[in-house]
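Notes follow the structure.
The values are calculated or read from the model by the stated rules, or taken from the named source; none is laboratory data. Because the structure is a prediction, the values reported are computed rather than measured. In this analysis, Cβ positions are derived from the backbone assuming ideal geometry, glycine residues included, and neighbour counts consider all displayed protein chains.
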Amino acid sequence: MKKIVFLIILVLNIVFAQSFAQTKRSSIPLQHGAHRLGKRTDAEMQKWREHGLGQFIHWGVYAIAGGHWQGKYYPGAAEWIRSWEEMPKDAYDNLYKEFNPTDFDAKQWAKQAKYMGAKYMIITTKHHDGFCIWPSKYTDYTIKNTPYKKDLLREIVDAYDKEGIDVYLYFSIIDWHEKGYRSAIPETAEEKVAYEEFKQFTRNQLIELLTDYPTAKGLWFDGTWDKAWIEQVQFADDLEKEMRAMRPGLIIGSRFRADENGKRHFDSNGDLMGDYEQGWERDLPNSIADVNGNDWDCVMTIPENQWGYHSEWRGYVKTSFDLIDMLVRSVSMDGNFVLNFGPDGKGNIRPEETKLAKEIGDWMKINSEAIYGCSYVNLKKQGWGYFTRKDNKIYLTVFNRPINNMLNLEIAKGGVKPVKAYFLSDKKGVDIVNAGRNKQNSSLYNLVIPADFISGQPFVIVLEISQSDDDKDTYQQAIT
Ligand code: FHN
């Protein structure tokens with residue numbers, strides 16, 4: 001009887017706690033806030049979630065300038081060169097007349113991405129400069145009017161589709177080329193009309209992209225921080241609904257629109273707007289608590305902050321170890337890691353990027369089981385690396401091999417039970433030493449790396465687990 005009363009109280013507590021959380025998160029009535037609480041559970045989103053690794057490509061006419069103008073070095077991000085005071089706007093706006101990427105080979109790009117292990121890619125259809133790599137019928141500022149003429153986006157979509165890599169379309173709402181575009185709220189009646197036309201133009205282009213490239217799986221928005229756009233609450237919400245109705249399963253991140261109080265990414269109740277959090281740019285969460293139970297992606301540059309092609313990378317350039325570390329770290333916190341590439345004006349992927357793609361790919365060939373379809377593991381973080389998990393396997397990716405060759409593992413009471421451990425690379429067994437319990441009654445284990453094991457790479461140990469059967473205390477903890 002006591003047990004039943006206890007169970008009823010427990011259930012009531014859980015129900016109360018959940019409804020409290022719900023009430024709290026939705027306490028401000030919103031018309032244009034999040035339209036869904038919690039993660040999407042459909043197959044398209046599940047697939048996105050399992051990708052782990054993606055490729056970003058920034059490509060447009062800025063690649064011709066390559067971060068220089070008339071011998072001068074532009075210290076900003078190459079794709080922003082038009083905004084540089086040393087860059088004459090007219091000259092930039094006419095660069096497209098020289099855009100003729102004769103070395104471009106979409107199949108080669110896709111093959112390289114496939115080798116690297118990317119399961120999806122994001123391509124800049126139009127960056128802030130407004131140049132469209134597809135022949136949009138709503139502007140003349142497109143690939144069609146360059147010497148190249150052919151539809152670059154089509155070539156990319158087809159090539160990546162063929163390799164089984166899902167394509168996502170990057171689209172900048174900021175458009176420096178379109179005459180009605182304004183960053184701040186238009187003041188005059190004339191400007192207001194122009195901005196209304198710009199909104200219509202934006203809608204037309206998005207509908208055009210979704211219609212003409214039906215295999216693309218989603219849209220990756222950018223340049224949505226302008227005050228003028230933030231204020232288009234009803235318009236943006238309606239447009240998002242229209243796009244979703246047009247393409248069920250479409251995936252859109254949290255950067256598209258603001259709520260009625262101007263909140264972006266998260267609405268005024270703190271709920272995520274969009275299907276995944278898109279705010280992790282060149283940055284990673286510190287812990288799982290930072291991601292609030294949401295899906296997320298991290299987009300990362302190889303140098304400090306260069307997306308488009310800059311012929312002269314200055315400062316620290318990440319190594320494949322840095323990038324693999326970020327990849328595993330992302331997956332260990334339920335995120336996807338998306339690595340950026342900036343091809344040059346002729347369509348070549350630069351040798352530094354090619355080298356990194358190869359090194360990451362070599363690593364993935366052996367270790368991708370610890371990435372694809374894997375997620376967060378509720379185990380205390382250890383200094384040697386990261387945990388990821390799929391079904392009954394926990395993957396320990398080791399970046400910092402301890403001097404004593406012992407990989408510590410701490411499993412809270414009632415948690416999983418280690419069954420066996422082995423190297424992912426050759427399936428050779430790894431000893432699991434039971435190291436007793438700590439004061440919190442967690443079970444401690446050491447996985448012993450054989451002293452003669454040599455690896456010049458981060459390596460993965462697989463730990464097979466079963467549900468715990470260790471509820472009984474074996475050792476009386478001291479009372480202090
Ligand atoms: O301004 C852009 C930048 O050029 C680049 O495209 C990145 C990629 O996420 N997004 C913007 C800055 O957030």
Taking the criterion of being outside the structural domain of GLU464 (by TED's automatic domain parsing), buried (at least 23 other Cβ atoms within 10 Å of the Cβ), in contact (Cβ under 8 Å) with a residue 40 or more places away in the chain and within 16 Å of the ligand (Cβ to nearest atom), would at least one residue in segment 323-334 satisfy it? yes
Members of segment 195-230 that are more than 21 Å from the chain's Cα centre (by Cα) and surrounded by fewer than 16 Cβ atoms within 10 Å (Cβ to Cβ): GLU196, GLU197, GLN200, ASN204, ILE207, THR211, PRO214, LYS227
Could you tell me which residue of segment 36-70 is nearest to GLY345 (Cα to Cα), considering only residues that are within 16 Å of the ligand (Cβ to nearest atom) and of a type in the set (A, V, I, L, M, F, W, C)? ALA63
Would you confirm, using the coordinates I've provided, whether ASP238 is within 16 Å of the ligand (Cβ to nearest atom) and either crowded, with 16+ Cβ neighbours inside 10 Å or within 26 Å of LEU30 (Cβ to Cβ) (or both)? no
List the residue pairs whose Cβ atoms are under 8 Å apart, where the first residue sits in segment 31-42 and is at pLDDT 95 or above, the second is surrounded by fewer than 12 Cβ atoms within 10 Å (Cβ to Cβ), and the two are 6 or more positions apart or on different chains. LYS39/GLY293
Okay, helices (runs of 4 or more DSSP H) sitting entirely in segment 56-155 with 3 or more residues that are under 30 Å from ASN367 (Cβ atoms), I get 106-116
Counting just the residues of segment 265-276 that are out of contact with any helix residue (DSSP H, G or I) (no Cβ under 7 Å at 6 or more places or on another chain) and of a type outside the set (A, V, I, L, M, F, W, C), which one comes out nearest to the ligand (Cβ to nearest atom)? HIS265
Would you pick out the residues in segment 277-301 that are within 16 Å of the ligand (Cβ to nearest atom) and hydrophobic (A, V, I, L, M, F, W, C)? TRP280, LEU284, TRP296, CYS298, VAL299, MET300
Tell me which residues, restricted to segment 71-85, are of a type in the set (Asp, Glu) and more than 13 Å from the ligand (Cβ to nearest atom). GLU85
Kindly indicate whether ARG389 is in a strand (DSSP E or B) and either at pLDDT 95 or above or hydroxyl-bearing (Ser, Thr, Tyr) (or both). yes
Picking from GLU190, GLU196, GLU155, the residue that is out of contact with any Phe, Trp or Tyr (no Cβ under 6 Å at 6 or more places or on another chain) and modelled with pLDDT under 95 would be GLU190
